[in-house]
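One structure is given below, encoded as structure tokens.
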Amino acid sequence: MPNSQPAPPPPSTETPTPLRVWIVSDDKAGTVNQARGLLDRLSLRLPVPPEVTEILAKARVPFRWLPARLWALLGPQTAVRGLQTPLTPPWPDLLIAAGRSAVAPAAAIRRLSRGRTCVVALQNPRLPLAAFDLVIAPIHDNLSAPNLLALDGAPHRVSAARLLDGARDCPPDLAAFYTEATAACAPIAAVLLGGNSARYRFDTETTDRLAGQFAALARAGVRLAITPSRRTPEDAILALRIALAPYRHYWWDGTPPNPYLALLALSDHLLVTADSVSMLSEAASTGKPVHRIDVPGDPGKFARFHARLEELGLVRRFDGTLPGFVPPPFDETDRAAEAVATLLKTRAGGSPRGEKSV
């Protein structure tokens with residue numbers, strides 16, 4: 001009996017249209033990297049690279065003095081004009097908003113586009129979460145809504161591919177340091193230093209404690225590779241360098257290129273100060289033992305973040321020793337990207353423009 005089923009349609013030969021994406025973010029490196037990291041992972045799910053526009057969310061007077069809620073109450077036509085960079089149609093397919101000055105204009109664009117722009121807010125937007133299609137915020141913010149994805153940390157740009165690139169592009173002086181340590185069978189510990197912030201103070205007592213602990217590790221044969229940040233106090237840098245002067249170690253002095261990815265990729269242990277959610281999230285994603293260096297201050301909600309990473313077996317408190325442990329897989333950035341991809345597909349009723357069909 002002949003088959004009466006119709007033949008399937010031939011595969012489409014049309015080139016997929018790129019997804020048009022705006023990243024609207026403030027100028028804080030940690031904030032914009034969250035948005036870029038999310039888009040990096042989302043792009044892996046697209047058949048063609050997206051068309052990306054990055055817009056600095058720098059508010060004009062008087063908007064820079066207004067809280068996001070009041071800014072939003074002025075109405076979408078006014079709110080969208082609150083940045084120094086004009087926001088005008090055509091609106092994007094996807095808008096990723098990160099930072100205080102980004103959220104009110106982003107919510108306004110969602111209204112002005114009549115919902116055609118999918119708007120994703122990173123971090124706590126301090127607006128009703130229903131103003132966005134999706135809010136991706138850390139679990140320690142204690143938010144609750146049907147359109148909320150709560151992460152155990154922050155999205156970031158560290159991935160297996162970027163770690164391989166970091167190892168391959170390791171600066172020559174750091175590569176020589178690692179080669180020498182490996183030949184001596186010496187464990188290598190990267191130290192990622194933050195510094196003073198609104199909640200934390202890198203004080204003299206902390207500096208003295210770390211100087212003694214680092215020197216003790218170096219005497220025991222551990223090779224330390226240290227990178228400070230712009231927030232690390234100069235007196236702390238000087239004291240730590242003096243303490244380590246008798247021992248073989250590596251210290252990044254700020255001369256490009258930045259060895260950050262190489263340190264994450266090639267070190268056996270990662271020591272990270274407690275003041276940086278971003279650095280702890282990035283370190284925890286590497287699969288290396290991560291040791292949190294506590295800094296005096298009032299951690300507030302970040303105490304919940306620290307406790308959560310310990311509960312998951314990703315991070316241990318640094319006590320001057322470096323016990324080995326194998327942390328579980330941890331990739332919250334990919335989980336966030338999958339949520340955005342699913343949202344885009346659901347909104348389109350199948351495979352949206354630029355989205356891979358599965």
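The values are calculated or read from the model by the stated rules, or taken from the named source; none is laboratory data. For clarity, every value in this text was computed on a predicted model and none was experimentally measured. Cβ placement follows ideal geometry from the backbone for every residue including glycine, while neighbour counts extend to all protein chains displayed.
Data table
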read-out	value
Residue list for the range 72-107, restricted to those being within 25 Å of residue 348 (Cβ to Cβ) and in a loop (DSSP other than H, G, I, E, B)	80, 87, 88, 89, 90, 91, 92, 93
Unique match (being surrounded by fewer than 19 Cβ atoms within 10 Å (Cβ to Cβ), within 21 Å of residue 167 (Cα to Cα) and under 25 Å from the mean Cα position of the chain (by Cα)) among 257, 233, 296, 228	257
Members of the range 108-126 that are outside any loop (DSSP other than H, G, I, E, B), touching a Phe, Trp or Tyr at 6+ places or on another chain (Cβ under 9 Å) and among the charged types (D, E, K, R)	110
Of residues in the range 279-291 being buried (at least 23 other Cβ atoms within 10 Å of the Cβ) and in contact (Cβ under 8 Å) with a residue 60 or more places away in the chain, the one nearest to residue 189 (Cα to Cα)	283
Options 220, 198: the member that is more than 19 Å from residue 319 (Cβ to Cβ) and out of contact with any helix residue (DSSP H, G or I) (no Cβ under 8 Å at 6 or more places or on another chain)	198
Which listed residue, of 265, 190, 245, 215, is surrounded by fewer than 16 Cβ atoms within 10 Å (Cβ to Cβ) and not assigned by TED's automatic domain parsing to the domain that holds residue 30	245
Residue 105 being in contact with an Asp or Glu (Cβ under 8 Å, 6 or more places away or on another chain) and either on the phi < 0 side of the Ramachandran plot or assigned by TED's automatic domain parsing to the domain that holds residue 24 (or both)	no
Inter-residue pairs, beta-carbon under 9 Å, first without any contact (Cβ under 8 Å) to a residue 24 or more places away in the chain and of a type in the set (S, T, N, Q) and in the range 30-53, second in a helix (DSSP H, G or I) and crowded, with 16+ Cβ neighbours inside 10 Å, 6+ apart	43/337
Only one of 266, 238, 270 that is in contact (Cβ under 8 Å) with a residue 24 or more places away in the chain and either within 18 Å of the chain's Cα centre (by Cα) or more than 24 Å from residue 30 (Cα to Cα) (or both)	270
